[in-house]
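What follows is a short report on a single structure.
The values are calculated or read from the model by the stated rules, or taken from the named source; none is laboratory data. These numbers were taken from a predicted model, which means no experiment stands behind them. Here the Cβ is made from the backbone with ideal geometry for all residues, glycine too, and neighbour counts use every protein chain on show.
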Amino acid sequence: MGKYFGTDGFRGKAGVDLTSVHAYKIGRYLGSLYSRDGRRGRIVIGKDTRLSSYMYESSLIAGIVASGADAYLMHVTTTPSVSYIAKNERFDCGIMISASHNPYYDNGIKLLNGEGEKMDDETIAGVEKYLDGEIPEAPFATGDRIGRAIDHAAGRNRYIGYLISLATHSYRGKRIGLDTANGSTWMIAKSIFDALGAETHVIHNTPDGTNINKDCGSTHIASLVELVKKEGLDAGFAFDGDADRLIAVDEKGEIVNGDAVLYLCGKYMKERGTLANNTVVTTVMSNFGLYKAFDREGIAYEKTAVGDRFVYENMKENGHLIGGEQSGHVIFSKYASTGDGILTALMVMQVMLDKKLPLSKLHEDLVAYPQVLKNVRVRDKDETLASGKVMAAVKKAEEALGENGRVLLRKSGTEPVLRVMAEAGSTEECEKWVDSIIDAMKEEGYVL
């Protein structure tokens, strides 16, 4: 990670950590980068519904066209749609303006390469140097070399058509709830499910610029649970602000998180002989119960660092077809190069319809272990992790839990925080071992 860009873009409080000047300079750098040697760069831009997204869009456009590239505007759309269009319409890169599941007063700029993947580190490093004035100012285009801003709502419609084409069944007779988080899917999700024949019940689809993710969407699932139970729906799907993640709800009102989606889709793919390498890619934060279930089903798995970027890199390198995170980022690499909440919902529907089973039956034999996670502010993350006493506490917990649980101690990528997590047979046991590790940190004087 760099000074400005983390694993999922440049993110921070709008107008404070991330300003319109930052956006303008990012546009200037990328516009110049892709408009060298007499060619005119092509950059596609999407945004979510945050108040500040329109400001950043204008700033990016100004920077891009001033540097001689064309900016194609998909307007309010999803991150995976920008990824899809960047790749399939051969753009030099894609930009998504969104802070994902964060509140409206935060925002972010996500950069995607011409393959629709997270931008490479070398290009990000160049952007950061330009932001800090460490490389020369990009030349301004003049005359007929000045770029253009071009409406590209057609790209969003093409993406919608692509997702509809992936469905192998009609949804007629299925009653589906959608929580669009007052974000990017506020019109897109319903149009797709309607086109496939579902009876849709949509909530949180009235964005006003400040209500994105507010008590709704994939991080606030209670209202969708209530809707599914009240209306007797077959399933519910909740997206985050830019729709790169999904949390589902079954017909009983039980939550189906990313781990459960990996399990039911991975098992389905294995049964049909389409699970490449017989492997599902997870992160270290996936629940211990998921690994127990995979072991039982004879499914292999990989574990990566937290972040869908790392999941995708593993999948691409090894040819795996499904991977994701407990938080709801799920990647089906045959169809997309990033997490896609709507696509994931369609894949879940395919399993339900192919197997002619309710969603609850598809994940009922996945037993999640109780989990306790505590964030601890420390004065030095690396020093704490190198402490003999702290690591002895971790080892003691691991030995005590054996094959019936696990502990995990990892660094936050953005804060002076260590995350201490335990999974075991009971919440009380989890608390016991998490607290024992934190106590060792306190005794050594590392906790702030």
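Just a few scattered comments:
- The listed residue being in a helix (DSSP H, G or I) and modelled with pLDDT of 95 or more, out of Y159, Y104, Y171: Y159
- Among residues of the range 56-91, those that are without any contact (Cβ under 8 Å) to a residue 60 or more places away in the chain, in a loop (DSSP other than H, G, I, E, B) and surrounded by fewer than 24 Cβ atoms within 10 Å (Cβ to Cβ), counted: 1
- Meets criteria (among the polar types (S, T, N, Q), under 25 Å from I331 (Cβ atoms), within 16 Å of the chain's Cα centre (by Cα) and assigned to a helix (DSSP H, G or I)) for S286: no
- When L366, L353, L373 are checked against the criterion of being in a strand (DSSP E or B), of a type outside the set (V, I, T) and under 30 Å from V228 (Cα atoms), a single residue qualifies: L373.
- Test for D106: is it touching an Asp or Glu at 6+ places or on another chain (Cβ under 6 Å) and either farther than 26 Å from I135 by Cβ or buried (at least 22 other Cβ atoms within 10 Å of the Cβ) (or both): no
- Top-ranked residue of the range 203-237 - restricted to ones that are among the small types (G, A, S), over 17 Å from K174 (Cβ atoms) and out of contact with any Phe, Trp or Tyr (no Cβ under 9 Å at 6 or more places or on another chain), ranked as surrounded by the most Cβ atoms within 10 Å (Cβ to Cβ): S223
- Residue among E428, E383 that alone is without any contact (Cβ under 8 Å) to a residue 40 or more places away in the chain and not assigned by TED's automatic domain parsing to the domain that holds S81: E428
- Residue match in the range 117-139 (condition: of a type in the set (V, I, T), touching a strand residue (DSSP E or B) at 6+ places or on another chain (Cβ under 9 Å) and within 23 Å of I247 (Cα to Cα)): no
- Within the range 189-246, the only residue that satisfies the criterion of being over 25 Å from I331 (Cβ atoms), in contact (Cβ under 8 Å) with a residue 60 or more places away in the chain and β-branched (V, I, T) is T210.
- Residues of the range 314-335 that are among the small types (G, A, S), buried (at least 24 other Cβ atoms within 10 Å of the Cβ) and in a loop (DSSP other than H, G, I, E, B): G328 alone.
- Some residue of the range 251-259 being within 24 Å of V311 (Cβ to Cβ) and assigned to a strand (DSSP E or B): yes
- Options E134, E122, E128: the member that is modelled with pLDDT of 95 or more, acidic (D, E) and not in a helix (DSSP H, G or I): E134
- Contact annotation: residue pairs with Cβ atoms under 8 Å, 6 or more positions apart or on different chains, pairing a residue in the range 136-147 that is assigned by TED's automatic domain parsing to the domain that holds D70 and surrounded by 14 or more Cβ atoms within 10 Å (Cβ to Cβ) with a partner that is outside any helix (DSSP H, G or I) and acidic (D, E), are G147/D70.
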